[in-house]
């Protein structure tokens, strides 16, 4: 979904430039209207794919957090009572909750951003090289 969102995000500005160069002042209003509808479809597809990608990522993230908390809970059950006696009340729960939440947020933001940014830069470079030929 991130790939579809990135590609349609790059396609939008290209189509706007193409419209300005080839349709405004050169062709009929009906052809321009058709192209505007196409452009609206591209931006709708970008929005829908971004929404769906975020929705899927949230589901994956929640599943990952659940598995991490389950594994940590099982690890706590294997520890000796003396381990818990040496800690303040709430310290372990606070650390578990905050550390897992911070890790999951970092994973969510970083994974999507790295992939999306890499695709965007690669796509922009490819479009610039392609446009240079013409």
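The values are calculated or read from the model by the stated rules, or taken from the named source; none is laboratory data. Treat the numbers as computed from the prediction; the structure is a model and nothing was measured. Counting neighbours? That spans all protein chains shown, and the Cβs are built from the backbone with ideal geometry, glycine included.
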Residue 71, sole failed condition from (1) in contact with a helix residue (DSSP H, G or I) (Cβ under 8 Å, 6 or more places away or on another chain); (2) more than 30 Å from residue 5 (Cα to Cα); (3) at pLDDT 90 or above
(1)
Looking only at residues that are under 19 Å from residue 74 (Cβ atoms) and free of Cβ contacts under 8 Å to residues at least 24 places away in the same chain in region 89-111, which one is surrounded by the most Cβ atoms within 10 Å (Cβ to Cβ)?
92
(1) in contact with a helix residue (DSSP H, G or I) (Cβ under 6 Å, 6 or more places away or on another chain); (2) under 26 Å from residue 126 (Cβ atoms) all hold for residue 13 apart from (1)
State yes or no: is residue 16 surrounded by 12 or more Cβ atoms within 10 Å (Cβ to Cβ), assigned to a helix (DSSP H, G or I) and modelled with pLDDT of 85 or more?
yes
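Yes/no per residue for (1) loosely packed, with under 14 Cβ neighbours inside 10 Å; (2) in a helix (DSSP H, G or I); (3) at pLDDT below 90; (4) in contact with a strand residue (DSSP E or B) (Cβ under 8 Å, 6 or more places away or on another chain):
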| position | (1), (2), (3), (4) |
| --- | --- |
| 47 | yes, yes, no, no |
| 50 | no, yes, yes, no |
| 59 | yes, yes, yes, no |
| 67 | yes, yes, no, no |
| 76 | yes, yes, yes, no |
